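What follows draws every value from the coordinates through simple rules; no lab data is involved. Remember, predicted model here, so these are calculated numbers, not experimental data. Please note: Cβ atoms are built from the backbone with ideal geometry, for glycine as well, and neighbour counts cover all protein chains shown.
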Amino acid sequence: MGLLSESEYDDAPPRMGFFTDTSVCIGCKACEVACKEWNHVPEDGLNYTGMSYDNTQGLGADSWRHVAFIENRSGATPVDLGMPEVGGPPDAPAAAGVRPDLPPGGDLIDGEGKLQWLMASDVCKHCTHAACLDVCPTGSLFRTEFGTVVVQEDICNGCGYCIPACPYGVIDQRKEDGRAWKCTLCYDRLEVGMEPACAKACPTDSIQFGPLDELRERAEARVEQLHEKGVDVARLYGHDPDDGVGGDGAFFLLLDEPETYGLPPDPVVTTRDLPAMWRRAGLAALGLAVGVAVAALGGSS
Amino acid sequence: MQYIRSAAILQSLLGNIGRPGGGILALRGHASIQGSTDIPTLYNLLPGYLPMPHAHEHEDLDAYIEADSTEKGYWAESRSYMVSLLKAWWGAAATPENDFCFDYLPRLTGSASTYDTVMAQLAGETNGYFLIGENPAVGSANAKLQRLGMAKLDWLVVRDFSLIESATWWKDGPEIETGEMRTEDIGTEVFFLPAAAHTEKDGSFTNTQRLLQFHHQAVEPEGDARSDLWFTFHLGRKIRERLAGSTDPRDRPLLDLTWDYPTKGRHAEPEAEAVVAEINGWDANGDPLSSYEQLNDDGSTACGCWIYCGVYSDGVNQAARRRPAGEQSWVAPEWGWAWPANRRLLYNRASADPDGKPWSERKAYVWWDEENALWTGHDIPDFAENKSPHYRPPAGARGAEALTGLDPFVMQADGKAWLFVPSGLTDGPLPTHYEPQESPFRNPLYRQQRNPARELHPHESNRLQPSGDQAGADVFPYPLTTYRLTEHHTAGGMTRWVPYLAELQPELFCEVSPELAAERGLEHNGWATIVTARGVVEARVMVTERMQPLRVAGRTTHQVGLPYHWGPNGYSVGDSPNDLTSVALDPNVHIQEVKALACDIRPGRRPRGADRAELVRDYQRRAGIDDETGTEV
């Protein structure tokens, strides 16, 4: 299966996407706010979750960017940001003037492994093989000339087929109007040569926007760089055109297993088996028809 | 203060001042906090860090200059800076014969810092108060004391975006709930004037790097909202109209002010650029100045802030420049404008070795061009342009001429980096470690527990707790720290009313370690009650391994972390952690100690009504607290 953009658009621009490098995410949530401001996504409630600093909880009809905060004790090496640590070396000799009657000053009591505070901005993956688009009966979901997947709010009839079709659980129905909503990769901005609002607002360039081919090269180089620095846990997610969704238009650099971030480890386009299912259903129907015919013929003889 | 002084000494000793990548960058809470000291909202400074004159000490201009200028370095020219400031304010009325209206300046008779003002309110000595973009009923230490002080005022003006707690404490503040205050007993007349946001007005920010960035109005403010510039200008205009024709000499300072800014638009908004032009200054012909070195002490120049001189050079608003990074050098001199003289890095002579050559090619910044006999480089040199590294002053030289070609620290009288100042500080010349006002521990370094010069304001609503091994210290066994979240701005006036920000951090929470949660029976996502000798608040509980137990002096203890943004008003509401903090101030800059104190924490929600105040009194009794506690030197 190829991209619709490859077949349906003449002189299409290169496929555009996001590379979200979570190793430099600082958890500021500017992407979430910029997205809501630009796209007029409604505020969706004051819900204190206790999930670290994440009160957004996940992607949904009213959250098209979601910054996850994960307090992770995996034993993996955290990225060394060169920050000073609390407490001196344990065997340091007492400095002059230090009162000998008191033990040395405070230090952190560390538990098992190093605690990491992972922050990662999640978004619609804009799959190469997009099941949401495959199952949409109205044509509301379509693939743009940029290779992105967009739902048109004036066409969506709220049937909801796309929602269980998404292997990432991204697209979602808005309770108030029944229609399906998700990231458009700021289609309106792309059409006038602007980058999406979230990428524009990201102060550390954790969210990078550009032609997907370039982003993939940049991402490979970043992983190599991190590996050279000893950050062996750095890996890409959704970058591989041979994965179950044909690769994501929005892919990620992660510092742990995808499951740590709440991402499926091996997503598969849910419509992958549809042709085979139809073939088998057809064969079954054919077999049934033959059986009925044989029975009928036999009965008549 | 002890930390920042230590950091400054360390960076000086390491040779990290005046070099790219060096210096100290304070993480400060406001977009223009640097600007608010350059052109100060502080009671003891005039623009450009000229000191505010004291009553009696400085009888006239000569005595004032005498007291604060130096023989060498740029402060030797302080008379030019001061006279030019007086000319900017009083124009033609300022003449050599009348000391350039020096006597028009108010005089200090003591400290008028924030907390001294609050104490004066409580004593009935201060009767009026302007709050412009500030919410002390949530954001200042011991917020209760702030509210009690405001309740003693005759009038209070609050300018903010929304009805913040500092505007409504008299009808729905915590003391109304506890019965400690009754609305009908409060005589304060409160005026709320809605303020325009930065997108609704022209103006500039000066960030921590001394960079001025001008912003232009995008939309008109809605309803009655107006800019602070509008408020200040029209308030002054109306007062001057009321005083017109007065023969009372005490009205002359107001009537002689140069208060003639052009206005525009349907709200008669003053032209912000006209203020920039006045700050920059002009010569006797009215032409814009380009450098503070042009300032004279004979009244021929006017300049509203000498360090900002040049921001309007050539009649162009230099702070409004936005040349893209790709079109200029990495130092980006054409993005905004930095004081002084658009110099991005102070004391940058130190980026070159004594001979004037870059210490390393990688960090080449400014250097001595032997061939053309001048300093050059990527930035404006912070040095006399043609002063050779080999220059040595002749005997008797004064001012900048007295500094050698080796002296990068041109604002110091000897041109050298100073590790300490021999006078001016109210505590010792070198920093040290003191325990906070309230600490569960004894000072591990010295027998001196706390800063002996700290400022305390004893008051029945500002009770202090025992520390270290004093009796009763164990009633407040946990260190408490307050801090900010990315999603909210200080006391919340700009963010708690904004749905897109409120939903990201919707409630006050406290952060505790799993160990402390177990010790005190706190449940994740449940409620906790946190108590000090000043107050009690409730917060949702976040149990997190990020809060790690501390082992101090052989004992294990647990911290409580509290972001301080909340109050009872707005879209996202909660108790105010500053109801817990005390007024105990650094002696030099009068800054409150709210980053480290001691508390108790217990599961469940706090008591309501009068019981809320009773719980605090109960803790005070249990800890044996009286008016002497915690005041020991």
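With unit charges on the beta carbons (Lys and Arg positive, Asp and Glu negative) and the dipole taken about the Cα centre of the protein assembly as shown, which residue among B:Thr208, B:Leu148, B:Ala274 sits farthest to the positive side? Farthest towards the positive end: B:Leu148.
Over all other residues within a Cβ to Cβ distance under 11 Å of A:Ala197, the charged ones net out to 0, with Lys and Arg as +1 and Asp and Glu as -1.
Give me the dipole magnitude in Debye, nearest 20, for segment B:218-322 about the Cα centre, with unit charges on the beta carbon: positive for Lys and Arg, negative for Asp and Glu. My answer is approximately 380 debye. With bins 5 Å wide beginning at 0, the percent of Cα pairs of segment B:385-468 falling in each bin runs 3, 11, 14, 13, 10, 8, 8, 7, 8, 8, 5, 4, 1. Find, among the trypsin sites (Lys or Arg not before Pro) in segment B:137-189, those assigned to loop by DSSP (not H, G, I, E, B) with at most 15 other beta-carbon atoms within 10 angstrom. Answer by residue number: B:Arg182. Rg and Dmax over the alpha-carbon atoms of segment A:224-301 stand at 24.1, 82 Å. Cross-link partners of B:Lys387 among lysines, defined as those whose alpha carbon lies under 21 angstrom from its own and excluding same-chain residues fewer than eight positions apart: B:Lys72, B:Lys357, B:Lys416.
Sequence-ordered 3J(HN,Hα) estimates for segment A:60-69 from the Karplus curve with 6.51, -1.76 and 1.60 and θ = phi - 60° stand at x, 4, 10, 9, 9, 10, 9, 8, 7, 10 Hz, glycine and proline given as x.
Compactness check for segment B:411-531: Cα Rg over 2.2 N^0.38 Å is 1.51. For peptide B:486-497, the mean count of partner chain Cβ atoms within 10 Å of a residue's Cβ comes to 1.
With neighbours defined as other Cβ atoms within 10 Å of a residue's Cβ, the residues B:Ser113, A:Ser121 order from fewest to most as B:Ser113, A:Ser121.
Considering helices alone, the calculated mean residue ellipticity of chain B at 222 nm is -5500 deg cm²/dmol, with DSSP H runs of length four and up weighted by -39500 (n - 2.57) and normalised per residue. Rounded to the nearest 20 debye, the dipole size of segment A:174-238 about its Cα centre is 360 debye, using +1 on the Cβ of Lys and Arg and -1 on the Cβ of Asp and Glu. Would you work out if segment B:290-395 is rounded, prolate or oblate? Take a ≥ b ≥ c from the square roots of the eigenvalues of the alpha-carbon gyration tensor; rounded if a/c is under 1.5, else prolate when a/b is larger than b/c, oblate otherwise. Cα axes put segment B:290-395 in the oblate bin. The peptide list A:45-57, B:303-315, B:360-372, put in order of mean Cβ contacts within 10 Å with the highest first, becomes B:303-315, A:45-57, B:360-372. The mean number of Cβ atoms from other chains found within 10 Å of a Cβ in peptide B:549-557 is 4, as a whole number.
Answer rounded, prolate or oblate for segment B:336-427, using the Cα gyration tensor with square roots of eigenvalues a ≥ b ≥ c: rounded when a/c is under 1.5, else prolate when a/b is larger than b/c, else oblate. Oblate is the answer for segment B:336-427, as a/c is 1.5 or above yet b/c matches or exceeds a/b.
Rg/Rh, computed from the Cα trace of segment B:80-192 with Rh as the Kirkwood radius, has the value 1.15. Between the beta carbons of B:Ala112 and B:Tyr391, assuming R0 = 30 Å, the FRET efficiency works out to 0.10 to the nearest 0.05. Between the residues B:Ala528, B:Ile625, B:Val594, the greatest Cα displacement towards the positive end of the dipole of segment B:496-633, with unit charges on the Cβ of Lys, Arg, Asp and Glu, is found for B:Ala528. Among A:Ala296, A:Cys25, B:Trp497, flag the residue with its Cα farthest along the positive direction of the charge dipole of the protein assembly as shown, charges on Cβ as +1 for Lys/Arg and -1 for Asp/Glu. Value computed over the given set: A:Ala296.
Straight-distance candidates among the lysines for linking to B:Lys201, with alpha-carbon spacing under 20 Å and chain neighbours fewer than 8 residues away dropped: B:Lys264. Within the protein assembly as shown, the ratio Rg/Rh, alpha carbon atoms throughout and Rh by Kirkwood, equals 1.01.
Evaluated with a Cβ-only charge set (Lys, Arg +1; Asp, Glu -1), chain B carries a dipole of roughly 1660 debye about its Cα centre, given to the nearest 20. How would segment B:183-338 be classified by its alpha-carbon gyration tensor: rounded, prolate or oblate, with rounded meaning a/c under 1.5 and the a/b versus b/c comparison settling the rest? Because a/c hits 1.5 or more and a/b fails to exceed b/c, segment B:183-338 counts as oblate. The slack between B:Ser291 and B:Leu13, meaning 0.36 nm per residue of separation minus the straight C-alpha distance, is 97.0 nm. Within straight cross-link reach of A:Lys175, meaning Cα distance under 17 Å, which aspartates and glutamates are found once same-chain residues fewer than 8 apart are removed? Filter leaves A:Glu43, A:Asp44, A:Asp62, A:Glu153, A:Asp154. What percentage of all Cα-Cα pairs in segment B:1-111 are separated by more than 20 Å? In whole percent, the long-distance tail amounts to 56. Inverting the mean 1/r over all pairs of different Cα atoms, compute the Kirkwood radius of segment B:157-231 and quote it in Å. This gives a value of 14.8 Å.
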